[in-house]
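See below for the structure under consideration.
The values are calculated or read from the model by the stated rules, or taken from the named source; none is laboratory data. It should be emphasised that the depicted structure is a prediction, and the values quoted were computed from it without experimental measurement. Cβ placement follows ideal geometry from the backbone for every residue including glycine, while neighbour counts extend to all protein chains displayed. For accessibility, only protein heavy atoms count, side chains too; no ligands or nucleic acids. Shrake-Rupley method; radii C 1.70, N 1.55, O 1.52, S 1.80 Å.
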Amino acid sequence: MYRYDQYDHLIVKERVAQYRDQVRRRLADELTEEEFLPLRLQNGLYMQRHAYMLRIAVPYGMLSSPQVRMFAHIARKYDRGYGHLTTRQNIQFNWINLEQSPDILAELATVEMHAIQTSGNCIRNTTSDELAGVAADEIIDPRPYAEMIREWSTFHPEFAFLPRKFKIAISGAEQDRAATAVHDIGLHVVKNAEGEVGFRVLVGGGMGRTPIIGSVIREFLPWQHALTYLEAILRVYNQHGRRDNKYKARIKILVKALSAEEFARQVEAEWLDIKDGPATLTVDELQRIAQYFTPPPYETLPATDAGFEAQKTDNKGFANWLKRNVKAHKVSGYAAVILSVKKTGVPPGDITAAQLDFVADLADQYSFGEVRVTHEQNLVLADVKISELFTVWQAVKAQGLATPNIGLLTDIICCPGGDFCSLANAKSIPIAQAIAEKFDNLDFQHDIGDIELNISGCINACGHHHVGNIGILGVDKDGSEWYQVSIGGAQGNNTSIGKIIGPSFSAQQMPVVIERLLSVYVQQRTEEELFIDTVQRLGIAPFKEFVYASPIPTGYTHGEDACVY
Amino acid sequence: MPVSTNIIKNREVVADDWSVLRLNEGDSADSVSVPAGRVIVPFSVWSAQRAQLLERAEIGVWLASDAQADVAKDDLARFSLIAVDFPKFTDGRGYSIAYNLRTRLGYNGELRAIGDVLRDQLFYMQRVGFNAFAVRADKDINDALKGLTDFSEKYQTSWDEKTPLFRRVQRQAVSQD
Ligand code: HEM
Ligand code: SF4
């Protein structure tokens, strides 16, 4: 894992000092709230419904155990004992005091962490594949490139006040696990016919109000040119992106207005000027960074283990967990374990201080002291010996992190919604919980198989509802909360945007709506067909028809007593 | 007589005797009268009144945030000063304009940030090539001066730093244990 050197330490330390003084000036009224706002956002501090929220950067989702323990400490000392994992591989704390926020950053700095550019109209934390370095389908480990992008984008002087936020995702495997198609820039590591490493460059993807899938503007960019090419894209966007209307300010709107071909032409023209300049990456630099991502000291192990095979046969619970939560590893005798932060009754992605400490200890004991955050709001121990899986499972189970539901119906992506977020039109957590409760039966979930259910409390799409196989969007109608349902969205290699099935529903109707969607699937599926395949084959019509065929009870009316959470 | 105000120039607070001409409602670029003395005129006025303005010893222009640096390309040598306007401090187009004026067009005279210029942006502004800052009048300019030294290292290139950190120094992780 990347470790800071004296320069990284210095930059982060100076940032803490700068921010501390900004907070001081705000409290002394030397800065107005309007002036302070972009400054605090560029430090991950949002004003939320009840309190400030602090979003801490987890570069490309990688954490060391001391960093995880620091989260536990922050949760206890400055928050209410828990944190919230996000779809951008970060962690958020929801109950922060402005006055204490500089101290939190100072504490984070001691474990090589910060909240730089986790919000605001700048280049955000670059995200990547949670299985980077271990995935069986990996072409090239994307993390060294992600780290080079992190450094380049940190306090880039020209791009700190862009028209809008800017997100980059990078994937190095056959299967895209980084949602690259719905980012402002998506990078796919590829090898050309000569075996040289480069990037396929996608631009202009995004969700929100206008969901768009990114367009390829370059099929092959030699890796040495990554930063200069990004600079060219950003310069075109900074100058020509719309600033008159914040809803049209994302790069996706510019790319669409110009066409991908014209946008690419402008980028190439801009790039000519800086191509091969000093910012061109060097083999030395790649090697310096790559040495932090060398494989840990794996043992030479057989592909499986007699004890493990016996445990698997004897214990159905363990077998279920293996099936869903344990992923193939490229090294013999090892596996990647996904810790499900999706237990029924708990808001998706919420994790307590005790669980964080537990995960840190577990990582030290069984996975070389490393943890990753997934964009589905779960955690990963990437390097667990197969012979130790049973022990790990038992320990994880006791902490409520072993629900065998990864990729299943209750592995819901869900934004904080109306319970925390001041932008929300509707709550999302109670909807996730009501659905999880209704479909708590694991046999049923396993029968349904892989399905992606994503919930956002408003059109900003923090919960990725557009790319959910089933997407739920909170909408406001005459001051009350309603939910619009879409199906057919997908992430990964075949990213698609879901289609809305019809008029929206009340919170109480939602579990039945999901039940009806699933029953159409169960009736219509061919063998081996996943929910998404059936939707793609049949279109939305049969689903729509059945969901609206007869009235769905609304339960009690919406109001104070309607909220279960 | 323009009132002398203070600006930051080359990292010092100094008196300034330039005045900035801004068009009022009803003014037009070709008919507005440019006062005597050191005046920074809108680029549109420069274009419209180029013939007369060329006769003046010292003239400055300012570019609006939606301008491209290229518009000034042919006359760079004529200007004692180029300013870039920040209508709001959150409008970041001026950073790319400055970068292009310096790096692409090779402008090496005074480059001044005007408009909504605040302390917490100065560090970035100097990196892209500004060497003068007309800090917003209601702010303490001596306080703003401190903004220039917020950081002592930077990772990436810009106008002020032609070599990225990875080429400039030998980097090595330091153990925390
Ligand atoms: C509670 C505090 C939050 C606030 C105030 C907030 C705010 C926003 C806003 C304003 C947008 C719209 C951006 C746009 O349309 O350009 C957005 C989009 C987004 N947010 Fe959040 N968000 C919050 C929490 C989260 C969380 C918890 C996650 C992850 C679970 C998240 C991930 C995202 C993503 C992935 C998008 C969509 C980006 C895209 O359009 O490509 N946000 N958020
Ligand atoms: S989707 Fe809307 S409600 Fe949900 S976190 Fe984002 S901004 Fe808030």
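In table form, for the structure just shown:
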read-out: Matching residues in region A:248-259 - criterion: being within 22 Å of the chain's Cα centre (by Cα) and under 10 Å from A:Arg209 (Cβ atoms); value: A:Arg250
read-out: Qualifying positions in region B:45-70 - open to solvent by 60 Å² or more (accessible area, probe 1.4 Å) and part of a helix (DSSP H, G or I); value: B:Ser47, B:Arg50, B:Ala51, B:Gln52, B:Asp70
read-out: Conditions (1) more than 16 Å from ligand 1 (Cβ to nearest atom); (2) farther than 30 Å from B:Phe151 by Cβ; (3) of a type in the set (D, E, K, R); (4) in contact with a strand residue (DSSP E or B) (Cβ under 9 Å, 6 or more places away or on another chain): number failed by A:Asp176; value: (1)
read-out: Count of region A:189-227 residues which are within 23 Å of A:Glu270 (Cβ to Cβ) and within 13 Å of ligand 1 (Cβ to nearest atom); value: 7
read-out: Selection within region A:401-418 - β-branched (Val, Ile, Thr), surrounded by 24 or more Cβ atoms within 10 Å (Cβ to Cβ) and either within 11 Å of ligand 1 (Cβ to nearest atom) or under 14 Å from A:Gly449 (Cα atoms) (or both); value: A:Thr410, A:Ile412, A:Ile413
read-out: Selected residue [open to solvent by 60 Å² or more (accessible area, probe 1.4 Å) and touching a residue at least 40 places away in the same chain (Cβ under 8 Å)] from B:Lys88, B:Lys73, B:Lys9; value: B:Lys9
read-out: Hey, A:Glu14 away from ligand 2 (no atom under 16 Å from the Cβ), surrounded by fewer than 23 Cβ atoms within 10 Å (Cβ to Cβ), assigned to a loop (DSSP other than H, G, I, E, B) and among the charged types (D, E, K, R) or not; value: no
read-out: Residue within region A:377-387 that is outside any strand (DSSP E or B) and within 11 Å of ligand 1 (Cβ to nearest atom) present; value: yes
read-out: Qualifying positions in region A:54-77 - farther than 24 Å from A:Leu362 by Cβ and open to solvent by 10 Å² or more (accessible area, probe 1.4 Å); value: A:Arg55
read-out: Selection within region B:111-146 - facing chain A (nearest Cβ under 9 Å) and either hydrophobic (A, V, I, L, M, F, W, C) or in contact (Cβ under 8 Å) with a residue 24 or more places away in the chain (or both); value: B:Leu118, B:Arg119, B:Asp120, B:Gln121, B:Phe123, B:Tyr124, B:Met125, B:Gln126, B:Arg127, B:Val128, B:Asp143, B:Lys146
read-out: Every residue from region B:79-110 that is among the hydrophobic types (A, V, I, L, M, F, W, C) and away from chain A (no Cβ under 14 Å); value: B:Phe79, B:Leu81, B:Ile82, B:Ala83
read-out: Helices (runs of 4 or more DSSP H) enclosed by region B:84-177 - at least 1 residues per element that are among the acidic types (Asp, Glu); value: B:119-128, B:141-145
read-out: Qualifying residue in region A:422-435 (condition: away from ligand 1 (no atom under 16 Å from the Cβ), part of a helix (DSSP H, G or I), crowded, with 23+ Cβ neighbours inside 10 Å and touching a residue at least 40 places away in the same chain (Cβ under 8 Å)); value: yes
read-out: Hey, A:Ala434 away from ligand 2 (no atom under 16 Å from the Cβ) and out of contact with any Ser or Thr (no Cβ under 8 Å at 6 or more places or on another chain) or not; value: yes
read-out: Residue satisfying condition, being under 18 Å from A:Gly349 (Cα atoms), aliphatic (A, V, I, L, M) and within 16 Å of ligand 2 (Cβ to nearest atom), within set A:Leu41, A:Leu63, A:Leu54; value: A:Leu54
read-out: Pairs, first more than 7 Å from every other protein chain (Cβ to nearest Cβ) and modelled with pLDDT of 95 or more in region B:153-177, second surrounded by fewer than 19 Cβ atoms within 10 Å (Cβ to Cβ) and not in a loop (DSSP other than H, G, I, E, B), C-beta under 9 Å, six or more apart; value: B:Glu161/B:Arg168
read-out: Some residue of region A:488-509 being in contact with a strand residue (DSSP E or B) (Cβ under 6 Å, 6 or more places away or on another chain), farther than 18 Å from A:Gly205 by Cβ, open to solvent by 60 Å² or more (accessible area, probe 1.4 Å) and within 16 Å of ligand 2 (Cβ to nearest atom); value: no
read-out: Criterion violated by A:Lys165 - all others in (1) in contact with a strand residue (DSSP E or B) (Cβ under 7 Å, 6 or more places away or on another chain); (2) under 23 Å from A:Asn90 (Cβ atoms); (3) of a type outside the set (S, T, N, Q) satisfied; value: (1)
read-out: Residue in region A:518-531 that is more than 16 Å from ligand 2 (Cβ to nearest atom) and under 27 Å from A:Arg88 (Cβ atoms) present; value: yes
read-out: Members of region A:234-258 found to be more than 16 Å from ligand 2 (Cβ to nearest atom) and surrounded by fewer than 19 Cβ atoms within 10 Å (Cβ to Cβ), listed by number; value: A:Arg242, A:Asp244, A:Asn245, A:Lys248, A:Lys256, A:Ala257, A:Leu258
read-out: Positions within region A:441-467 being away from ligand 2 (no atom under 16 Å from the Cβ), under 13 Å from A:Asp411 (Cβ atoms) and either assigned to a loop (DSSP other than H, G, I, E, B) or in contact with a strand residue (DSSP E or B) (Cβ under 6 Å, 6 or more places away or on another chain) (or both), in sequence order; value: A:Gly449, A:Asp450, A:Ile451, A:Glu452
read-out: Answer residue from region A:298-354, given it is at positive phi and open to solvent by less than 30 Å² (accessible area, probe 1.4 Å) and is nearest to the chain's Cα centre (by Cα) among those; value: A:Gly349
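Matching residues to (1) over 28 Å from A:Ser128 (Cβ atoms); (2) touching a helix residue (DSSP H, G or I) at 6+ places or on another chain (Cβ under 6 Å); (3) within 14 Å of chain B (Cβ to nearest Cβ); (4) among the small types (Gly, Ala, Ser):
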| residue | (1), (2), (3), (4) |
| --- | --- |
| A:Val12 | no, yes, yes, no |
| A:Gln22 | yes, yes, yes, no |
| A:Arg26 | yes, yes, yes, no |
| A:Pro38 | no, no, yes, no |
| A:Leu41 | no, no, yes, no |
| A:Ser65 | no, yes, yes, yes |
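Here is a yes/no grid of residues against (1) free of Cβ contacts under 8 Å to residues at least 12 places away in the same chain; (2) closer than 16 Å to A:Asp184 by Cβ:
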| position | (1), (2) |
| --- | --- |
| A:Phe220 | no, no |
| A:Trp223 | no, no |
| A:Glu231 | no, yes |
| A:Ile251 | no, yes |
| A:Arg265 | yes, no |
| A:Glu270 | no, no |
| A:Ile274 | no, no |
